[in-house]
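Working notes, structure below.
None of the figures in this text is laboratory data; all of them are computed from the coordinates on show. Quantities reported herein were computed from a predicted structural model and do not represent experimental measurements. Methodologically, a virtual Cβ is constructed for each residue, glycine included, from the backbone with ideal geometry; neighbour enumeration extends over all protein chains shown.
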Amino acid sequence: MTNLEYAKSELDRIGKDDEGYQDLMNNHILEIIEVFSRQGHSGFSASYAINVLERLLRYKPLSALTGDDDEWEKSISGNWQNKRCFSVFKDKDGNVYDIDSVVCSDNGGITWFSSNRFRKKVTFPYYPPTDPERVYIRYTEDVPPGFTSDEYEIITDKPEEIKKLYEQKRKEFDGK
């Protein structure tokens, strides 16, 4: 089975929508796979191209950020934004952070969010990840659904606690 045949088979398994967006997206994806397949990539070159494409499509640099002055431009917020990686900012005090490098879940992984409390401080040279670090938290005080609290415990290294929180929140979301 060719890569294109495999892709068509897998895309056919995705549910369709009434507006036709999935069909449009499938056609776009298949165009990319056709070009990639025509280029004749094998194991090494395919892996290399996929890694580079993923970084570029996610607006992530191919080499480490240096923090040099020419990498920055003033942002709307008054802070500085890195021109090579749009998720990296420098505040007025010179603190540098990556707003995409950490995501949190307060419900066992059902949903994920970004938070100023968990943003990653950056030191240079810095090679931004393509996937954020996932941090699981459990609030240590009662919090209504949809709200957050300053009182929490990080439970990322406690799989049983994550599972218990997931099951509890799943019941709440499902109304059971």
### Query
Which value in nm describes the separation of the simple spin-label points at R134 and V103, placed 7 Å from the Cα toward the beta carbon?
0.9
## Note on the structure
Taking GluC sites (Glu not before Pro) as exposed when in a DSSP loop with at most 14 other Cβ atoms inside 10 Å, the chain has its longest clean stretch at 20-140
### Message
With 24 Å as the cut-off, how large is the P(r) tail for the chain, expressed as percent of Cα-Cα pairs?
### Response
60
### Query
Out of the stretch 77-160, which chymotrypsin sites (Phe, Trp or Tyr not before Pro) are coil in DSSP terms and have no more than 15 other C-beta atoms within 10 Å?
F86, W112, F147
#### Entry: Loop sites in the stretch 1-34: trypsin sites (Lys or Arg not before Pro), DSSP, at most 11 other Cβ within 10 Å
R13, K16
### Message
Apply the Karplus curve 6.51 cos²θ - 1.76 cosθ + 1.60, θ = phi - 60°, to the phi angles in the stretch 46-62 and return the couplings in whole Hz, x for Gly and Pro.
### Response
5, 4, 4, 4, 4, 5, 5, 4, 4, 4, 5, 5, 8, 6, 10, x, 8
### Message
Report the gain in length on full extension from S9 to I29: 0.36 nm times residue separation, minus Cα-Cα distance, nm rounded to one decimal.
### Response
5.9 nm
### Query
Once fully extended, how much extra length lies between F173 and E73, figured as 0.36 nm per residue of separation less the alpha-carbon to alpha-carbon distance?
31.8 nm
## Note on the structure
Hydrodynamic radius by Kirkwood for the stretch 62-141, inverse mean 1/r across distinct Cα pairs, in Å, is 13.6
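What does the convex hull of the Cα atoms come to per residue for the stretch 1-86, in Å³?
Taking only Cα atoms, the stretch 1-86 has a hull volume of 142 Å³ per residue.
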## Note on the structure
With a 22 Å threshold on alpha-carbon distance, the violating pairs from K121/K163; K121/K169; K60/K121; K16/K169; K8/K60; K92/K121 are K121/K163; K121/K169; K16/K169; K8/K60
### Those trypsin sites (Lys or Arg not before Pro) in the stretch 36-102 that DSSP places in a loop and that have at most 10 other beta carbons within 10 Å
K92
#### Entry: Simple spin-label estimate for Y166 and D93 in nanometres, 7 Å along Cα-Cβ
3.7
#### Entry: Contour excess over end-to-end distance, with Cα ends at I154 and Q22 and 0.36 nm allotted per residue
43.8 nm
